[in-house]
Protein chains: 2
Amino acid sequence: MGNLPQYKQVYEELRRQIAAGLFAAGDLLPSEHELCAQYSVARPTVRKALDQLVSDGFIQKQQGKGSIVKGAPKGIGILSLTGTTSALSSPNLSTHIILRPELRSWTEAFSFPVEPQEQRAGCIYFERLRLLDDEPVFFDLTMLPNSGLPRFEEYDLENRSLFDTLRTRYQIVVTGGTQQLFAIRADKRLQEYLKVRAGHPILQLNRKIETNRPGFHIYSQVFCATQGYGLIGTF
Amino acid sequence: MGNLPQYKQVYEELRRQIAAGLFAAGDLLPSEHELCAQYSVARPTVRKALDQLVSDGFIQKQQGKGSIVKGAPKGIGILSLTGTTSALSSPNLSTHIILRPELRSWTEAFSFPVEPQEQRAGCIYFERLRLLDDEPVFFDLTMLPNSGLPRFEEYDLENRSLFDTLRTRYQIVVTGGTQQLFAIRADKRLQEYLKVRAGHPILQLNRKIETNRPGFHIYSQVFCATQGYGLIGTF
DNA sequence: CCTCATTTGTACGTATGTATC
DNA sequence: TGATACATACGTACAAATGAG
């Protein structure tokens, strides 16, 4: 049932090793031939896993040389898609739940229309504030269809990335998406949460994220005060 | 010499057809089996081309059903990587060259350090202003290493996407990158180019883009006034 | 400069599983 | 239920780039 395909097992294992820092940036992964032996799979299987790591930004490949480790994605990875792990695995970054996941009805999500089956399923909605060194950096609102996510509330959104939870618990992975970016002035609510003065420039990000599960989208809206550091992402 | 691998030929042809609107959004591409027959290639070759189209956001795949065309990426595709074509193929979007490509020396690019071989090669630098319906929407600065780009100045940056030119003329494709986003207040120069009042919130984007050519990066800085429309991208 | 082993890139064929309609 | 379509997986072969000698 919940068995992962072999290429995903290899992917998850290598990804874990890289994220855990077992390879320094610039190191070479074992060659494809060696990986085949280690995991007892054929080369196309290993290559598929490596392709994933490339598109996730964990490695680069170079013909005749090998697979070069780029290291765990750095920064506040809100813009990186599958690499958002780093956002919450960073030791000095914490998450404060402003509004715990609750069930709502919905017809639209941050200006994106929701699809009929999503509307029927209802909406899981929650709000979080992310802090870096106890300073608020961004405030985000998330909407998910309430379908096929048993025991979702049990999973610890304070300490785990949403995308990690969806990927490892429910086999839901991001396949693409659409985003809108705005620079706006802080309103009252943002002034309070992000601790900025009135009219301070704020980055706003609306995203509709597609997944491998047909008709299942993640909708999110993020506000970020970028004074000082900027919002970093790999892609 | 300049022969493309078969999977890239299939990719380019299908991409061209989708971008040209030969398929409506929601249409199915021919099945993998049919594509094999059409292009006289094996199924793994077709699948590799389709994988590319998926990761570029042109199609979605669904097991048992087929490859669903999502249509040409819409909006100002500054954030989409390989799909930036749309930005300049849009009929009402035009490009004004503020500063024609010129050769410079460089040691850093928008806060990103440049690598030694790039520094030795020198820097191609240019500035462009993009207009939508004759209204300025964003202002961008680009830096490229001056190596392996014969006759670069001849190619028409006013009417073609930079990424398209690099991909089709020089076989340089984007493999990933890092970006920093900021919300800032407009300074004097931005007030002039983007026609906004002093202190208006502006979106700033610094990017270091990696390519399949080792040691060749594209550095760009983009400023955008997002009042009204927002900056849209697919990923 | 050339040779050679290593490593990744491209391509084909085949087989089987699983989702969709 | 069956036909179709995509997903996964293995094996093979050769090409092209890299780096060591």
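Among B:Leu149, B:Leu141, B:Leu166, which one moves the most in a GNM of chain B with springs linking Cα atoms closer than 10 Å?
Answer for the Gaussian network model of chain B: B:Leu149.
Starting from the Cα coordinates of chain A, work out the convex hull volume and express it per residue in Å³.
That works out to 138 Å³ per residue.
Springs between alpha-carbon atoms under 10 Å, Gaussian network over chain B: tell me which of B:Gly71, B:Gly21, B:Gly57 tops the mean-square fluctuations.
B:Gly21
Find the relative contact order for chain A and round it to a whole percent, using C-alpha pairs within less than 8 Å whose residues are 6+ positions apart.
18 percent
Please say if segment A:162-227 is rounded, prolate or oblate, where rounded means a/c under 1.5 for a ≥ b ≥ c the square roots of the C-alpha gyration tensor eigenvalues, and otherwise the choice is prolate for a/b larger than b/c and oblate otherwise?
Prolate, because a/c is 1.5 or more and a/b exceeds b/c.
Mind checking how much accessible area B and A bury in total, 1.4 Å probe, in Å² rounded to 100?
Values: alone 12410 and 12400 Å², together 21880 Å².
Interface between B and A: roughly 2900 Å².
Taking A:Lys61 as the anchor, which lysines have their alpha carbon closer than 20 Å to its alpha carbon, excluding any fewer than eight residues away along the same chain?
A:Lys8, A:Lys48, A:Lys70, A:Lys74, B:Lys8, B:Lys48, B:Lys208
Ignoring ligands, DNA and RNA, what percent of the accessible area of the protein assembly as shown is carbon or sulfur (1.4 Å)?
Ligands and nucleic acids excluded, carbon and sulfur give 50 percent.
Go ahead and set up a Gaussian network model of chain A, Cα springs under 10 Å, then flag whichever of A:Gln62, A:Gln179, A:Gln52 fluctuates most.
Among A:Gln62, A:Gln179, A:Gln52, the largest GNM mean-square fluctuation belongs to A:Gln62.
Scattering from the C-alpha atoms of the protein assembly as shown alone, worked out with Debye: what is log10 I(q)/I(0) at q = 0.07, 0.14 1/Å?
-0.37, -1.71
Using only Cα atoms, what Kirkwood radius does segment A:6-69 have, in angstroms?
11.5 Å
Kindly give the distances from A:Ala37 to its copy-mates, label point to label point, with each label point 7 Å from Cα along Cα→Cβ, as nm values to one decimal ordered shortest first.
Ordered by distance, the counterparts are at 4.5 nm.
Within 10 Å of each Cβ in peptide A:60-66, how many partner chain Cβ atoms are there on average? Round it to a whole number, please.
Per-residue shielding by partner chains comes out at 2.
Got a sec? Which residues in segment A:36-52 would a label at B:Arg47 touch, if it sits 7 Å along Cα→Cβ and we count backbone N under 20 Å?
Counting backbone N atoms under 20 Å from the label point, the list is A:36-37, A:39-52.
For the protein assembly as shown, what is the charge dipole size about the Cα centre, in debye to the nearest 20, if Lys and Arg each add +1 at the Cβ and Asp and Glu each add -1 at the Cβ? It would help to have the intermediate numbers written out before the result.
Details: 54 positive and 48 negative charges, 48 e Å.
So the magnitude is around 220 debye.
Calculated from DSSP H runs of 4 or more alone, at -39500 (n - 2.57) each and per residue, what is the 222 nm mean residue ellipticity of chain A, nearest 500?
Details: 7 runs with 62 residues, N = 235.
Helix-only estimate at 222 nm: -7500 deg cm²/dmol.
If exposed means no more than 11 neighbouring beta carbons inside 10 Å and the site is in a DSSP loop, what's the longest run of chain A without any exposed trypsin sites (Lys or Arg not before Pro)?
Of all site-free stretches, the longest is A:66-150.
The values are calculated or read from the model by the stated rules, or taken from the named source; none is laboratory data. In this text, all values refer to a predicted model and were calculated from it rather than measured experimentally. Positions of Cβ are generated from backbone atoms using ideal geometry, with glycine treated the same way; all protein chains shown enter the neighbour counts. Areas reflect the complete protein model, heavy atoms only, side chains present, ligands, DNA and RNA absent. Shrake-Rupley method; radii C 1.70, N 1.55, O 1.52, S 1.80 Å.
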